[in-house]
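Take this structure first; my questions come after.
The values are calculated or read from the model by the stated rules, or taken from the named source; none is laboratory data. Just so it is clear, the model here is predicted, and its values are computed rather than measured. Neighbour counts are summed over all protein chains in view; Cβ atoms, including those assigned to glycine, are modelled from backbone coordinates with ideal geometry. The area values use the complete protein model at the heavy-atom level, side chains included, leaving out ligands, DNA and RNA. Shrake-Rupley method; radii C 1.70, N 1.55, O 1.52, S 1.80 Å.
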Amino acid sequence: MISKGFVHKYADNVDTDVIIPARYLNTANHQELASHCMADIDADFVNRVKPGDIIVGGYNFGCGSSREHAPIAIKASGISCVVAKSFARIFYRNAINVGLPILECAETDRIAAEDELEIDFAGGVIKNLTKNESYQTEPFPEFIQNIIATGGWLNYLNSLK
């Protein structure tokens, strides 16, 4: 699985309350959640994001509450992957559950907003096409690749029937 897109860059400790603020949690509609994604940290995000784009963060991305709404809003906004130095564990699990690819990479300081990345999930290679650099990360195990390819944990379970 390969993903290619432009970077939206954020700092350390991006919490779920700024990914999707609590005042917008009165809906389960994924597109409605996406329309408020990153509202409290980057009000113009929803106007700039394009399908396939990639979020790059620092340490502890997705900290805060355990709401699944955060990775749902990110995925529904068109983001194809989140790359960060580290993730809050519950966000990591929720992202996989909803089929949002996320990768830990120590080299996120080398990646800038608007850089174009190409990510090979099976090989664990992030290519920065803008800077002609590559960064190695742990590839997804096959079972996680299958969960993401089917659109999340529930779809994966249904595919086994």
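Describe numerically, in nm with one decimal, the distance between label points set 7 Å from Cα along Cα→Cβ at ALA106 and at ASN13.
Output for this residue pair reads 2.3 nm.
What value, in deg cm²/dmol to 500, does the helix sum -39500 (n - 2.57) over DSSP H runs of n ≥ 4 give at 222 nm once divided by the residues of the chain? Present the calculation step by step, with values, prior to reporting the outcome.
Values: 7 runs with 46 residues, N = 161.
Helices in the chain give a 222 nm mean residue ellipticity of -7000 deg cm²/dmol.
Which listed residue (ALA84, ASN146, LEU129) has the Cα farthest towards the positive end of the charge dipole for the chain, taking +1 on Lys and Arg C-beta and -1 on Asp and Glu C-beta about the Cα centre?
ASN146
Let me ask another. Could you give the accessible area per residue of the chain, probe 1.4 Å, as a whole number in Å²? If you can, show how the numbers build up before the last one.
Numbers: 7570 Å² over 161 residues.
Spelled out: the 1.4 Å probe surface of the chain, per residue, equals 47 Å².
Ok, one more. Could you tell me the relative contact order of the chain? Use alpha-carbon pairs under 8 Å, at least six residues apart, and round to a whole percent.
For the chain, the relative contact order is 24 percent.
Share of the stretch 92-161's accessible area from carbon and sulfur, percent, 1.4 Å?
Roughly 49 percent, rounded to a whole number.
Here's something else I'd like to know. Using Cα centres only, tell me the gap between the stretch 58-72 and the stretch 99-161 in whole Å.
Between the Cα centres of the stretch 58-72 and the stretch 99-161 lies a distance of 17 Å.
If you don't mind, another one. Given the pairs LYS9/LYS85; LYS75/LYS131; LYS9/LYS75, which are separated by over 19 angstrom at their Cα positions? Please report the intermediate quantities before stating the final value.
Details: LYS9/LYS85 12 Å; LYS75/LYS131 26 Å; LYS9/LYS75 16 Å.
As for pairs spanning more than 19 Å Cα to Cα, those are LYS75/LYS131.
Ordering SER65, SER3 by accessible area with a probe of 1.4 Å, largest first, what comes out?
On the way: SER65 40, SER3 10 Å².
So the residues, ranked largest to smallest area, are SER65, SER3.
So for the chain: antiparallel DSSP bridges make up what percent, rounded to the nearest 5? Numbers along the way, then the final one.
Values: 13 of 24 bridges.
Here the antiparallel bridges make up roughly 55 percent for the chain.
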